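Contents: one structure, followed by commentary.
The values are calculated or read from the model by the stated rules, or taken from the named source; none is laboratory data. The model shown is predicted, which means the values in this text are computed figures rather than measured ones. Counting neighbours? That spans all protein chains shown, and the Cβs are built from the backbone with ideal geometry, glycine included.
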Amino acid sequence: MKYIFTTLLLSITAITTQAQATLTIENNSQRNMTVKVMRGTTQGSLHKTVSIAPFGSATVNFYETGNYFTKTKAVLAGRDPIYQKGKSFHVTNDDTGYSVLTITYTIKESAVPQATGGTPISKTEFDQN
C-alpha cells in the first residue's frame, strides 16, 4: 500500500511540475481589454478568454502545440470600443520544448485612437466563438 501511494504521489508531482507553453498579454493602454485567444489561423475555436485592466497583464497557458490568434476588445468610457484581430502565432508544447510568448497591446488615444498589433474587426466578428 505504501508503494502505491508513493508512486501515485510521484505521478501527480510529475504532472503538476511539467513545463508548459505560456503567452503573457500586456495591456499598455488606458482601456480595459477582453482578449480571446483562438486556436487556428484565421477562424478558430475559443481557447481562452481573459480580461485585462489598464496597464495590466494576464497569462494564458497552452497544453497543445498549434497555431493561435487573438481577438481583442478595448473599452474606455466615453469612447467607441476598438475591436482587433491579431496575426497568427505558433505555440510549441511537446517533448522538443515549449514556447514562452509575450504580446503587448498599445493604443495611442487621440481624436481617432491608434491601436497597434492587428487589423480592425467588427463587434460581430469579435463576438463569434
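One residue stands out in segment 13-45 among those that are loosely packed, with under 10 Cβ neighbours inside 10 Å and farther than 30 Å from LEU76 by Cα: the one that is modelled with the highest pLDDT, namely ALA19.
So that you can scan it fast, the table gives a plain yes or no per residue for (1) modelled with pLDDT of 90 or more; (2) closer than 20 Å to HIS47 by Cα; (3) of a type in the set (Val, Ile, Thr):
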site	(1), (2), (3)
ILE82	yes, no, yes
ASP94	yes, yes, no
VAL100	yes, yes, yes
TYR105	yes, yes, no
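The set of residues from segment 90-101 being free of Cβ contacts under 8 Å to residues at least 40 places away in the same chain and of a type outside the set (Gly, Ala, Ser) comprises HIS90, ASP94, ASP95, THR96. For segment 102-125, enumerate the residues that are assigned to a loop (DSSP other than H, G, I, E, B) and either in contact (Cβ under 8 Å) with a residue 12 or more places away in the chain or surrounded by 13 or more Cβ atoms within 10 Å (Cβ to Cβ) (or both). Passing the criteria: GLU109, PRO113, GLY117, GLY118, ILE121, SER122.
Filtering segment 51-64 to residues that are farther than 16 Å from GLY118 by Cβ and at pLDDT 95 or above leaves SER51, ALA53, PRO54, PHE55, GLY56, SER57, ALA58, THR59, VAL60, ASN61, PHE62. The numbered conditions (1) without any contact (Cβ under 8 Å) to a residue 60 or more places away in the chain; (2) under 15 Å from ASN28 (Cα atoms) are all true for GLU64 except (2). Going by what's in this entry, would THR65 be described as in contact with a helix residue (DSSP H, G or I) (Cβ under 9 Å, 6 or more places away or on another chain), polar (S, T, N, Q) and surrounded by 13 or more Cβ atoms within 10 Å (Cβ to Cβ)? When the stated conditions are applied, THR65 does not pass them.
Looking only at residues of segment 75-101 that are of a type in the set (Asp, Glu) and not in a strand (DSSP E or B), we find that the one that is surrounded by the most Cβ atoms within 10 Å (Cβ to Cβ) is ASP80.
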